[in-house]
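Participant: Got a structure for you, written out below as structure tokens; questions coming shortly.
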There are 2 protein chains.
Amino acid sequence: MPEPFGFDSYRHFQPLQYHLYGSLAPSRKGLAPDERTSHDLFMADDLREQLTKKQEAVLQTLQNSNLPTTLHSYHSLVPLDLQLERSTRVFGYQTYAYKATSKHDGNKYCLRRVEGFRLQSEASITLVQKWRKVRCASVVEVREAFTSKAFTGDSIVFVYAYHPLSSTLYEKHFRQRKPCPETVLWSYLSQLYNALRAIHACGLACRLLDLTKILVTEKNRIRINCCGMLDVLQYDPYADIKYLQAMDLTLAAALVLGLALNDPEVWPDAQFNFDLTTRGYSSQLNDFMHLVLEDADNGCSLSLDAVLGHLGSASLESMDAALSYNDTLESELATATENGRLVRLLCKFGFINERPEFEHDPAWSETGDRYLLKLFRDYVFHQVNERGQPVLDLGHVLACLNKLDAGIEERVMLISRDETSSIVASYRELRQLAESAFNELRRRS
Amino acid sequence: MPEPFGFDSYRHFQPLQYHLYGSLAPSRKGLAPDERTSHDLFMADDLREQLTKKQEAVLQTLQNSNLPTTLHSYHSLVPLDLQLERSTRVFGYQTYAYKATSKHDGNKYCLRRVEGFRLQSEASITLVQKWRKVRCASVVEVREAFTSKAFTGDSIVFVYAYHPLSSTLYEKHFRQRKPCPETVLWSYLSQLYNALRAIHACGLACRLLDLTKILVTEKNRIRINCCGMLDVLQYDPYADIKYLQAMDLTLAAALVLGLALNDPEVWPDAQFNFDLTTRGYSSQLNDFMHLVLEDADNGCSLSLDAVLGHLGSASLESMDAALSYNDTLESELATATENGRLVRLLCKFGFINERPEFEHDPAWSETGDRYLLKLFRDYVFHQVNERGQPVLDLGHVLACLNKLDAGIEERVMLISRDETSSIVASYRELRQLAESAFNELRRRS
């Protein structure tokens, strides 16, 4: 029977005999071999560009600013909102957003400062502690709040996770008034109710569902921002959390209705005089909107679970999209796993080889230990074929470096430049030589 | 008012003045600066290990096998199921799974061969074309099916996407009989019904929901495998798709019930004599199971949408987990974006510098063009401080290489090794020199 003999024969292999550029996810592009390039082995260009831009935003600094150099335990403030007109519509105060670096962990955070607010009750600011417990992929993480006099008058500052290059639902959908596809609306509904589920489970209410306070961080990925601010700014020790939670359910639907009708102010004026089917949306979406918004008029009898039940397959579709994106990201990540290690190894060799200080060092002369490293460098990079032509084989380079990094017992024959002598050394020995050469450099530095 | 003057002053910057190692996602670890290491800047070790193992599995080959060297348009077959006993329980035939490489796109696929099956009807194998249209993150992608005589007798081979190092639900939960947490059960339910949603939308029925035919590819991530096989092996042109789809809903619940009760054979024997609450599960889960399984007894009146409605918040929780994992992966990916580019650049320099052939080449002598590249290498790697001690600054190396790669106009002063002469060159000029040196090598090779 044509079955393999010796199942174990291929289960033992030397580590790292190759550069691990196997692609994990099955490619859906279906390109022929001659249509593919070496770039297929590296990260997709658009994803890399997007990540690079985000990292530039993270690292961006501001010279000569008038901002305080430190604020509480944060430093290096960079303003995030660049428009000069400031609306007091949402909070009743002027607010300012900054990117700042924490001196505790070195990470970047978003600081939102409310100008001219004097804290009346210590109890209100402790509510922020409860918000810290909300862990949800659709809520911008709340870190802390503190008061400050570093600016004109009194300020209170709320600290949130920083999402570089994010925009808001308002900027995305109302700058250019394009109709929003139905799948996107369902995805928004799923994410908003996902956020409310997590918030309500912590005994809190969102209270604020405003198009300008919902961040869009990736394609169709939204997160509720500015959580906890109303709890402090409009502190009410007798607030009816149950009622506010029921209102949240309505506000989320009203917000998405505004997107569907291309009018952020549509609710509560429009009430139930809308018919989404005339705009090309399904009756399912129309029914959902009527159900949730009419319930608000009838005393909010719908529970969150009931609303989630009506979301049904929409939430599964959002899950499916998220899982597919996981597969894509993991596959991209796989193309990049080995490079970090190789960069560090190549830099080490850069530091060691051909140093002017070593030119007259006997250890690097033709009788010394370190001479082997020089010959190994030639072996890796300066191969020539039988006709004396240079061989530029990236595969050979990566294989050699990986073997060196793993320090395996395989031996290589190194040949002197004048081709009169040869030395056999194992990768393990070469690795030790490189280590000790680098450590000696470190000791001297 | 302490606001920054000149908003534009920091919006123009030279490209790539730094290695872009800004971390994107807010760290939840909250470590103090002295608790962090340089490894925080690179990919997390466990994720890298997992990806590396997967890539090793992808690249694994088998020497001296008795398998055919090619099969249809696939080559390099490696058996995937290593147990010698073969159960015919599920399909009624002995089946074999292989990893194989497509000669069309070079990607790896999973080939599942059914031994001793002779195709009776061409119509049955065309059903596989319909399965190709199912695109779902919870279904293993179906690629094609073909018949073959390359093995003993007749075989039919089904080709699926290859998921390296995946196990099955049976292996995960019934090898060591640990109770399965409720959140995991809900997550499985969400993913199974997500798969059924996509399958039913294509006018197909899954028909096969077996613990050994559901792959576990990552932590708690499942995918229905072997789709379409029963459609061909038990071909029935008069199959009642509506009935089979209704059965799918029941089978999915029964499968998860088996996990909850730690007994894969529990249904249909147990019928409704189970009470999950006595095993520490919630009444919500118990009710869901009774609802779906009792409906099967009452003529399957439940629609898929109705079942999804009862899943409610469970599917949102699965979505939340998937979105959180997206954030983690994207943040990991951000640490790896720049390395691929730098590996290629460093290798280029390795090929160029200190080649023996160039030792007597006038272009590389102290009066030649290429001499600058040698001095630049010293500038990057062989810096010494004012006391002549080596400076091992990875930041300096990465900054120089990034500037070179971008070819910016910034100028560097390069000093000869004897410190008697100096030359000023821009990164743009140095980049052109490196390019032409490498191209000359390429031309000669």
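The values are calculated or read from the model by the stated rules, or taken from the named source; none is laboratory data. These figures come from a predicted structure and were not determined experimentally. Positions of Cβ are backbone-derived with ideal geometry, glycine not excepted, and every protein chain shown enters the neighbour counts. The protein model used for the area step is the full one, side chains on, heavy atoms only, and it has no ligands, DNA or RNA in it. Shrake-Rupley method; radii C 1.70, N 1.55, O 1.52, S 1.80 Å.
Participant: In nm, what does the list of distances from A:SER422 to its counterparts in the other copies look like, shortest first, when each label sits 7 Å along Cα to Cβ?
Facilitator: Nearest first, the other copies' label points are 4.7 nm away.
Participant: Give me the distance between the Cα centres of the range A:363-432 and the range B:329-357, rounded to whole Å.
Facilitator: Each part reduced to its Cα centre gives a spacing of 20 Å.
Participant: Based on the alpha-carbon set only, what is the convex hull volume of the range B:142-207 divided per residue, in Å³?
Facilitator: 159
Participant: Packing-wise, with mean Cβ within 10 Å as the measure, how do B:114-126, A:69-81 rank, highest first?
Facilitator: Ranking, from highest mean packing down: A:69-81, B:114-126.
Participant: Pop a pseudo-label 7 angstrom from the Cα along the beta-carbon direction at both A:GLN432 and B:ARG442 and give the gap in nm to one decimal.
Facilitator: Result for the modelled spin labels: 4.1 nm.
Participant: Only Cα pairs within less than 10 Å get springs; with that Gaussian network setup on chain A, which residue of A:ILE214, A:ILE415, A:ILE224 has the largest fluctuation?
Facilitator: With Cα springs under 10 Å in chain A, the top fluctuation among A:ILE214, A:ILE415, A:ILE224 is at A:ILE415.
Participant: Could you check how much of the accessible area of chain B is carbon and sulfur, as a whole percent, using a 1.4 Å probe?
Facilitator: Reported share for carbon and sulfur atoms: 49 percent.
Participant: Okay, moving on. Accessible area per residue, 1.4 Å probe, Å², for the range B:84-163: what's the number?
Facilitator: On a per-residue basis, the range B:84-163 sits at 43 Å².
Participant: Same structure again: Against the longest alpha carbon principal axis of chain B, how many degrees, from 0 to 90 and to the nearest 10, is the axis of helix B:427-444 turned?
Facilitator: 70
Participant: Rounded to the nearest 0.05, what FRET efficiency do A:ASN66 and A:ASP236 give with R0 = 51 Å and r taken as the Cβ-Cβ distance? Could you check?
Facilitator: Once the sixth-power term is evaluated, E becomes 0.90.
Participant: For the pairing of chain A with chain B, what total accessible surface becomes buried, with a 1.4 angstrom probe, in square angstrom to the nearest 100?
Facilitator: Roughly 12000 Å² of accessible surface disappears when A and B pair.
Participant: Just in the range A:178-278: which trypsin sites (Lys or Arg not before Pro) are loop by DSSP and have at most 12 other Cβ atoms within 10 Å?
Facilitator: For trypsin sites (Lys or Arg not before Pro) across the range A:178-278 that sit outside H, G, I, E and B with at most 12 neighbouring Cβ atoms in 10 Å, the list reads A:LYS219.
Participant: Right, here's the next one. List the lysines whose alpha-carbon lies under 18 Å from that of B:LYS103, not counting same-chain residues fewer than 8 positions away?
Facilitator: A:LYS29
Participant: When 1/r is averaged over all different Cα pairs and the result inverted, which Kirkwood radius in Å belongs to chain B?
Facilitator: Over chain B, the inverse of the mean reciprocal pair distance is 27.3 Å.
Participant: Counting other Cβ atoms within 10 Å of each Cβ, which trypsin sites (Lys or Arg not before Pro) in the range A:69-116 have at most 13 and sit in a DSSP loop?
Facilitator: Qualifying residues, ordered by number: A:ARG86, A:ARG89, A:LYS103.
Participant: Another one. Please work out the ratio of the alpha-carbon Rg of the range A:98-189 to 2.2 N^0.38 Å and round it to two decimals.
Facilitator: The range A:98-189 yields a ratio of 1.36.
Participant: For chain A, set up a Gaussian network in which alpha carbons nearer than 10 Å are linked by springs, and say which option among A:VAL128, A:VAL140, A:VAL380 fluctuates the most.
Facilitator: For chain A, modelled as a Gaussian network with Cα springs under 10 Å, the answer is A:VAL380.
Participant: Please go through the range B:371-426 and write out the trypsin sites (Lys or Arg not before Pro) that DSSP classes as loop and that have at most 16 other C-beta atoms within 10 Å.
Facilitator: Those satisfying the criteria are B:ARG387, B:ARG417.
Participant: Right, something else. When Cβ neighbours within 10 Å are restricted to other protein chains, what is their mean count per residue of peptide B:131-142?
Facilitator: 2
Participant: Using only the alpha-carbon atoms, what does the range B:67-302 span along each of its principal axes? Please give whole angstrom values in decreasing order.
Facilitator: So the extents along the principal axes, rounded to whole Å, are 55, 40, 30.
Participant: I'd like to know how the protein assembly as shown sits against the 2.2 N^0.38 Å rule of thumb: what's its Cα Rg over that expected value?
Facilitator: In units of the 2.2 N^0.38 Å rule of thumb, it is 1.09.
Participant: Turning to a different aspect of this structure: Taking the Cβ-Cβ separation of B:TYR93 and B:ALA306 as r and a Förster radius of 45 Å, what is the calculated FRET efficiency to the nearest 0.05?
Facilitator: So, using R0 = 45 Å, E works out to roughly 0.80.
Participant: How many Cβ atoms of partner chains, on average, are near each residue of A:350-360 if near means within 10 Å of its Cβ?
Facilitator: Partner-chain Cβ atoms within 10 Å, mean over residues of A:350-360: 5.
Participant: In nm, to one decimal, how far is the modelled label at B:LEU47 from the one at A:LEU211, with both set 7 Å along Cα→Cβ?
Facilitator: Those two pseudo-labels are separated by 3.5 nm.
Participant: Based on the Kirkwood radius over alpha-carbon pairs, what value in µm²/s does the Stokes-Einstein equation return for the translational diffusion coefficient of the range B:74-136 at 25 °C and 0.890 mPa s?
Facilitator: It comes out at roughly 177 µm²/s.
Participant: Per Stokes-Einstein, at 25 °C and 0.890 mPa s, what whole-number D in µm² s⁻¹ belongs to the range B:344-444, with the Kirkwood radius over Cα pairs as the hydrodynamic radius?
Facilitator: It diffuses with D of about 173 µm²/s by this estimate.
Participant: Distances from B:SER445 to the same position in the other copies: list them in nm, one decimal, shortest first, using label points 7 Å from Cα along Cα→Cβ.
Facilitator: Taking the point 7 Å beyond Cα along Cα→Cβ, the inter-copy spacings are 2.9 nm.
Participant: Next question, about the same structure. Need one value for B:52-64: mean number of C-beta atoms belonging to other chains within 10 Å of its residues' C-beta atoms.
Facilitator: 5
Participant: Where a Cα-Cα gap under 16 Å defines reach, which aspartates and glutamates qualify for A:LYS130, not counting those fewer than 8 residues away within the same chain?
Facilitator: A:GLU122, A:GLU141, A:GLU144, A:ASP231, A:ASP236
Participant: Net charge within 12 Å of A:CYS300 by Cβ-Cβ distance, Lys/Arg positive one each and Asp/Glu negative one each, not counting A:CYS300 itself?
Facilitator: Net charge in that neighbourhood comes out at -4.
Participant: Follow-up. Might you tell me the accessible area per residue for the range B:276-402, computed with a 1.4 Å probe and given in Å²?
Facilitator: Value returned for the range B:276-402: 39 Å² of accessible area per residue.
Participant: Quick one: which of A:LYS374/B:LYS54; A:LYS133/A:LYS172; B:LYS348/B:LYS374 span more than 24 angstrom between C-alpha atoms?
Facilitator: Too far apart for the 24 Å limit: A:LYS374/B:LYS54; A:LYS133/A:LYS172.
Participant: Cα extents of the range B:177-267 along the three principal axes, largest first, in whole Å?
Facilitator: Computed over the Cα atoms, the extents are 42, 24, 20 Å.
Participant: So how tilted is helix A:122-132 from the main axis of chain A? Cα-based, degrees 0 to 90, rounded to 10.
Facilitator: Helix A:122-132 sits roughly 50 degrees off the main axis of chain A.
Participant: Would you mind checking the tilt of helix B:241-260 against the longest principal axis of the Cα atoms of chain B, expressed as 0 to 90 degrees and rounded to 10?
Facilitator: Roughly 70 degrees between the two axes.
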